[in-house]
1. Could you check the range 160-215 and list, in sequence order, the residues that are in a strand (DSSP E or B) and among the charged types (D, E, K, R)?
2. Would you pick out the residues in the range 100-128 that are in a strand (DSSP E or B), buried (at least 22 other Cβ atoms within 10 Å of the Cβ) and among the aliphatic types (A, V, I, L, M)?
3. Which one of the conditions (1) touching a Leu at 6+ places or on another chain (Cβ under 9 Å); (2) assigned to a strand (DSSP E or B) does Asp83 fail to meet, given that it meets all the rest?
4. Taking the range 250-262 on its own, how many of its residues are in contact with a helix residue (DSSP H, G or I) (Cβ under 8 Å, 6 or more places away or on another chain) and assigned to a loop (DSSP other than H, G, I, E, B)?
5. Find all pairs meeting these conditions: Cβ atoms under 8 angstrom apart; at least six residues apart or on different chains; first residue within the range 147-163 and on the phi > 0 side of the Ramachandran plot; second residue assigned to a loop (DSSP other than H, G, I, E, B) and not hydrophobic (A, V, I, L, M, F, W, C).
6. With respect to the numbered conditions (1) surrounded by fewer than 15 Cβ atoms within 10 Å (Cβ to Cβ); (2) touching a Gly at 6+ places or on another chain (Cβ under 6 Å), which one is the sole condition not fulfilled by Gly231?
7. Could you please tell me which pairs satisfy a Cβ distance under 7 Å, a separation of 6+ or placement on different chains, a first residue in the range 295-321 that is over 22 Å from Trp68 (Cβ atoms) and in contact (Cβ under 8 Å) with a residue 12 or more places away in the chain, and a second residue that is surrounded by 19 or more Cβ atoms within 10 Å (Cβ to Cβ) and of a type in the set (Phe, Trp, Tyr)?
8. Looking at this structure, is Asp92 closer than 18 Å to Tyr179 by Cα, surrounded by fewer than 21 Cβ atoms within 10 Å (Cβ to Cβ), free of Cβ contacts under 8 Å to residues at least 60 places away in the same chain and acidic (Asp, Glu)?
Amino acid sequence: MKKIYIILGVIGAVLVAAAVTFVVWNRTSVNNTSNKKETVPTSVPGPYRRARLVGKPRMRANNLEAPWSLVFFNDSVLVSLRDSGEVREILDNGKSRIVGEISAAEHNGEGGLLGMTVKDDSLYVYYSTATDNQIARYSIIGSKGALQLGEAKVILDNIPHAANHNGGRIAFGPDGMLYATTGDAGVPSSAQSRNSLGGKILRMTANGDVPEDNPFQNSLVYSYGHRNPQGIAWSEDGTMYATEFGQNKWDELNKIEPGRNYGWPTHEGKANAQGFVDPVQQWAPAEASPSGMTFYNGILFIANLRGTVLRAVATSALQGSFEYFSGHYGRIRDVAVSPKNELWFITNNTDGRGNPGARDDRVMSVSIKK
């Protein structure tokens with residue numbers, strides 16, 4: 001009888017161990033966007049307390065394919081989908097609807113419908129065609145939950161285009177001018193040529209014209225020597241910052257000054273070389289791939305793809321950074337501050353380079369405590 005109890009005990013122990021092993025394997029084998037606890041640090045250092053993220057992030061929408069840019073139009077939220085060319089409105093019930101489709105947008109590699117920005121009652125979009133990258137302005141008609149794209153006008157074309165390195169971020173600066181990031185489109189030397197629109201940050205009026213106070217006469221070029229700049233934002237004093245994808249050595253955060261040369265392809269990362277501007281901070285590409293960026297209360301929030309992290313950099317301490325959501329959501333493409341002072345961000349796991357979870361891609365928001 002004693003032997004029977006011993007045998008039964010051994011069998012029970014084996015079954016329990018097998019069950020535990022299955023649970024652990026099951027948890028670790030699913031995508032990291034769904035199995036990690038969705039929290040943010042409760043204690044943040046020094047300057048980052050000025051814009052501390054609090055509470056559990058809220059999922060605003062899911063099942064989006066390759067979202068690229070996130071903007072706010074009055075009390076509505078719009079997202080661009082790179083591959084389909086759709087502009088979608090995020091609804092209060094967690095679903096999304098098509099506002100319009102950019103018919104000229106053509107997906108190829110990293111190209112397609114990319115950046116968006118809003119001014120007055122217009123939506124500006126940056127997109128790839130079969131031959132170039134363009135910026136167009138669309139009127140927006142209708143009200144929340146029923147928005148539609150109206151008439152379109154191309155304000156800039158012939159931006160160099162390739163399967164990779166298209167730049168694509170656009171935003172209006174505090175001076176009322178429209179800024180656009182452009183990649184070198186696989187031709188590194190173009191970044192050093194001020195006659196090319198590739199590898200640049202461009203500055204233009206809302207109609208695509210050259211402002212009289214641009215650094216180079218009759219040129220849209222605002223800064224040059226960029227490989228593939230991705231995010232732009234301005235601090236409260238009007239200082240402009242841009243994120244940039246490096247090649248093999250360093251991704252960059254740059255402080256942008258008009259007419260300056262940021263080094264590519266002669267230099268990647270900090271070089272301390274005469275005639276070139278060094279980044280204020282740099283990261284190994286595997287830890288970063290910095291994409292969209294926004295500014296709030298002294299902090300630059302940077303969305304990172306390969307680094308799978310939302311990184312915060314205080315403009316009062318540009319050499320350091322603080323990380324949120326490391327590995328929780330996979331690739332993060334864009335981040336923005338809502339009119340209600342919430343931080344919104346989009347994941348980018350369905351763009352062909354991520355590991356999608358069951359609900360990817362998602363739009364998330366989290367509260368900010370000043």
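Read-outs: derived from the displayed coordinates by stated rules, not from any lab. A quick note: this is a predicted structure, and the numbers were derived from the prediction, not measured. Glycine also receives a Cβ, built like all others from the backbone with ideal geometry; neighbour counts cover every protein chain displayed.
1. Result: Lys200, Arg203.
2. Leu113, Leu114, Met116, Leu123, Val125
3. (2)
4. So the answer is 1.
5. Here the result reads Asn158/Asp132, each pair linking the range 147-163 to a residue that is assigned to a loop (DSSP other than H, G, I, E, B) and not hydrophobic (A, V, I, L, M, F, W, C).
6. Of the numbered conditions (1) surrounded by fewer than 15 Cβ atoms within 10 Å (Cβ to Cβ); (2) touching a Gly at 6+ places or on another chain (Cβ under 6 Å), the odd one out for Gly231 is (1).
7. Filtered contacts from the range 295-321: Ile299/Tyr48; Ala314/Tyr48.
8. No.
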